[in-house]
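Trainee: Here it is: the structure, laid out below.
The values are calculated or read from the model by the stated rules, or taken from the named source; none is laboratory data. For clarity, every value in this text was computed on a predicted model and none was experimentally measured. All Cβ positions, even for glycine, are placed from backbone atoms using ideal geometry, and neighbour counts span all protein chains on display.
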Amino acid sequence: MFRKTRLYTPGPTPLLPAAQFAMAAADMHHRTAEFRALYSKVLAQLKLFVGTQNDVILLSSSGTGAMEAAVSNLTSPGDRILVLSAGKFGERWVALAKAFGCQIDLVSAPYGQTFDLAQVSAAIHPDTRAVFMQATETSTAVRHCVQAVAETLSATDTKPLLVVDAITGLGTTHFDVDAWGIDVLIGGSQKAVMIPPGLAYLSVSERAWAAMETSKNPRYYFDLRKERKVAGKGESAYTPAVALIAGLGAALDYIAGQAGGDLVEGRKLLIENAETCAAMTRAGLQKLGFTLFAPTAPSAAATAVAVPEGLDSGAVVKALKARFGAVIANGQGEMQGRIFRIAHLGFFDYMDTIALLGALEFIARDSLNLPIQFGQALAAAQQVFAERVPGEGLTRHCLCGRDTCCRSKSQ
C-alpha cells in the first residue's frame, strides 16, 4: 500500500503549510521597507511567543549559534560558571564554556533524570557569574523545572545570570520569563514554530545587556549588541534568512489564529496540545509494555522509550520507516540503540498521535514479538484524550507542566 512519510522527530519537525507558502513567496530584498515591516512584526510577535517584555534578538543560525552567543557575550576567560547537565545538550554547554575559557562547575544528573536542587544550591559560589541549563533535554526527553532553579538562584546573595536553552522547551512548557528572572531564553526555528532549521532567537534581560559591557570574550557575528542596535530600525546586522523569517511570521500568525488572533493564548494552546499528545503517547506505549526512559520528569516536547533488554532501538526506528513511513529518532551518543524518541512539539495533533500508536502496535507485535492485542495502545491514548480535553480545556497544576511540581520535593 502507499506510504506517506511523516516526521515524528524532535527537530526538524513537520512544516506548517502556510509557512511553506510564505517562504516560497519571500523574494524581497532585506534592505527595503517591505522587509523592515516584516522583520519588526516578527520581532514583536516573538516577544509575545516567548512571553517577555525583554528584547528578543533573531539570528540566522542554528540553536547552537545562539548558545554560543550566550556564552561569548556574557563571559570572560577565567569566569566561573555553573552548568546543569543531564544529557547531550547539557554537555554542549560544557564544551562551549571550555571553548571560551570559562572555569566550569558542574552539576550532573544521570541520563533520564533531572537535577537535585540541593546540589544546585550548593554549587553556587559567590563568584559564579552565570548558570547555564536546558529547559528540556532533547536527547533524553527530560524536562527540568526552570522555575525551581530560578528561585534557587534568586535566593542567593549574588544572583548569577540564568541562561536557559529552551529550543525544545518553547511551545511545550509554560515560562514566566520576567517574573522568574530568566536572563537569556533561547529558541530555534525547527521546533515548535514549525519551520525549517536556520533561525535562532533569544530573549535578553537588562541585566544580561549590562553584563555584556564587561565581558571580554571575542565576538563578531554573534555580538548581540550589534543586533539590538539595528533591530529597532527593523533591520539585522548582517544578511538575514529572509525566507525563513517570512515563514516564521506565517507560523506565528497561525498560532495566533488558533486563539482568534491572540498570540499569547495561541501559545498556551500550542503547549496544551503538546502536553496532551505527550500524555497520550506515554499511556499508549506503557500499555504495550514499553518502559519510559524519563518517567519522573517527562517532557511534552518528546517521549523517550527504552527498548527491552537485548533489543536495538534502531530496529524500531527502521521498522517504522520501512513499513509505515513514520520517522522517529534513535538515541544520541551513548543512548543510541537503547532508546527511541517520539516528538510532540509543533504541528502534531490527536490524529498524528493515534496514527503512530497504531503503527507501533504492529511493530511491537511483528518486529519485537511483544504479546500485545491490537487496539490496547489506542484505547489507552483515547482515554487520556477524553479526560484531558473534555471541552478543549486542560487543567494544569504547575507551570513546569507536571501534575506534581518538582519543587514540592524540596519543600
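Trainee: Can you tell me which residue among Gly261, Gly266 is part of a loop (DSSP other than H, G, I, E, B), surrounded by fewer than 24 Cβ atoms within 10 Å (Cβ to Cβ) and either outside the structural domain of Arg219 (by TED's automatic domain parsing) or small (Gly, Ala, Ser) (or both)?
Mentor: On inspection, the qualifying residue turns out to be Gly261.
Trainee: What is the residue count in the stretch 245-288 for residues that are under 30 Å from Pro371 (Cβ atoms) and either touching a Cys at 6+ places or on another chain (Cβ under 7 Å) or not basic (Lys, Arg) (or both)? Give the derivation first.
Mentor: Within the stretch 245-288, the subset under 30 Å from Pro371 (Cβ atoms) is 276-288.
Remaining after also requiring either touching a Cys at 6+ places or on another chain (Cβ under 7 Å) or not basic (Lys, Arg) (or both): 276-281, 283-286, 288.
Counting residues in the stretch 245-288 that are under 30 Å from Pro371 (Cβ atoms) and either touching a Cys at 6+ places or on another chain (Cβ under 7 Å) or not basic (Lys, Arg) (or both) gives 11.
Trainee: While we're looking at this one, here's another question. Only residues that are loosely packed, with under 13 Cβ neighbours inside 10 Å and polar (S, T, N, Q): list them for the stretch 1-55, please.
Mentor: Correct list: Thr5, Thr32, Gln53.
Trainee: Turning to a different aspect of this structure: Which of the residues belonging to the stretch 343-364 are outside any loop (DSSP other than H, G, I, E, B) and not small (Gly, Ala, Ser)? Break it down into steps so the answer makes sense when it comes.
Mentor: At the first step, the residues of the stretch 343-364 found to be outside any loop (DSSP other than H, G, I, E, B) are 343, 350-364.
Within the stretch 343-364, Tyr350, Met351, Asp352, Thr353, Ile354, Leu356, Leu357, Leu360, Glu361, Phe362, Ile363 meet the criteria.
Trainee: Moving to a separate point now. For the stretch 166-219, give me each residue that is among the aromatic types (Phe, Trp, Tyr) and in a helix (DSSP H, G or I).
Mentor: Correct list: Trp180, Trp209.
Trainee: From Ala274, Ala294, Ala300, Ala278, grab the single residue that is touching a residue at least 60 places away in the same chain (Cβ under 8 Å), under 16 Å from Arg388 (Cβ atoms) and in a loop (DSSP other than H, G, I, E, B).
Mentor: Ala300
Trainee: Which of the residues spanning the stretch 19-39 are of a type outside the set (Gly, Ala, Ser) and in contact with a Gly (Cβ under 8 Å, 6 or more places away or on another chain)? Explain how you work it out, then say what you get.
Mentor: Residues of the stretch 19-39 of a type outside the set (Gly, Ala, Ser): 20-21, 23, 27-32, 34-36, 38-39.
Hits for the stretch 19-39 are Gln20, Met23, Phe35, Arg36, Leu38, Tyr39.
Trainee: Another question, then. Report, by residue number, each residue of the stretch 2-14 that is over 15 Å from Thr172 (Cβ atoms) and part of a loop (DSSP other than H, G, I, E, B).
Mentor: Phe2, Arg3, Lys4, Thr5, Pro12
Trainee: OK, next. Can you find a residue in the stretch 132-149 that is out of contact with any Ser or Thr (no Cβ under 6 Å at 6 or more places or on another chain) and either surrounded by fewer than 20 Cβ atoms within 10 Å (Cβ to Cβ) or in the same structural domain as Gln332 (by TED's automatic domain parsing) (or both)?
Mentor: Checking the stretch 132-149: not a single residue is out of contact with any Ser or Thr (no Cβ under 6 Å at 6 or more places or on another chain) and either surrounded by fewer than 20 Cβ atoms within 10 Å (Cβ to Cβ) or in the same structural domain as Gln332 (by TED's automatic domain parsing) (or both).
Trainee: Test Ser72 against the stated conditions and say whether it is surrounded by fewer than 17 Cβ atoms within 10 Å (Cβ to Cβ) and either in contact (Cβ under 8 Å) with a residue 12 or more places away in the chain or touching a strand residue (DSSP E or B) at 6+ places or on another chain (Cβ under 7 Å) (or both). Break it down stepwise before answering.
Mentor: On the way: surrounded by fewer than 17 Cβ atoms within 10 Å (Cβ to Cβ): no; either in contact (Cβ under 8 Å) with a residue 12 or more places away in the chain or touching a strand residue (DSSP E or B) at 6+ places or on another chain (Cβ under 7 Å) (or both): yes.
The answer is no for Ser72.
Trainee: Looking at the stretch 112-158 only, could you name the residues that are part of a loop (DSSP other than H, G, I, E, B) and among the aliphatic types (A, V, I, L, M)? Before the answer, list the steps.
Mentor: Taking the stretch 112-158 and keeping what is part of a loop (DSSP other than H, G, I, E, B), we get 112-116, 124-127, 135, 138-141, 144-145, 155-158.
Across the stretch 112-158, the qualifying residues are Ile124, Ala135, Ala141, Ala155.
Trainee: Here is a further query. Restricting attention to the stretch 105-131, report how many residues are within 19 Å of Asp183 (Cα to Cα) and out of contact with any Leu (no Cβ under 7 Å at 6 or more places or on another chain).
Mentor: Residues flagged as within 19 Å of Asp183 (Cα to Cα) and out of contact with any Leu (no Cβ under 7 Å at 6 or more places or on another chain) within the stretch 105-131 amount to 4.
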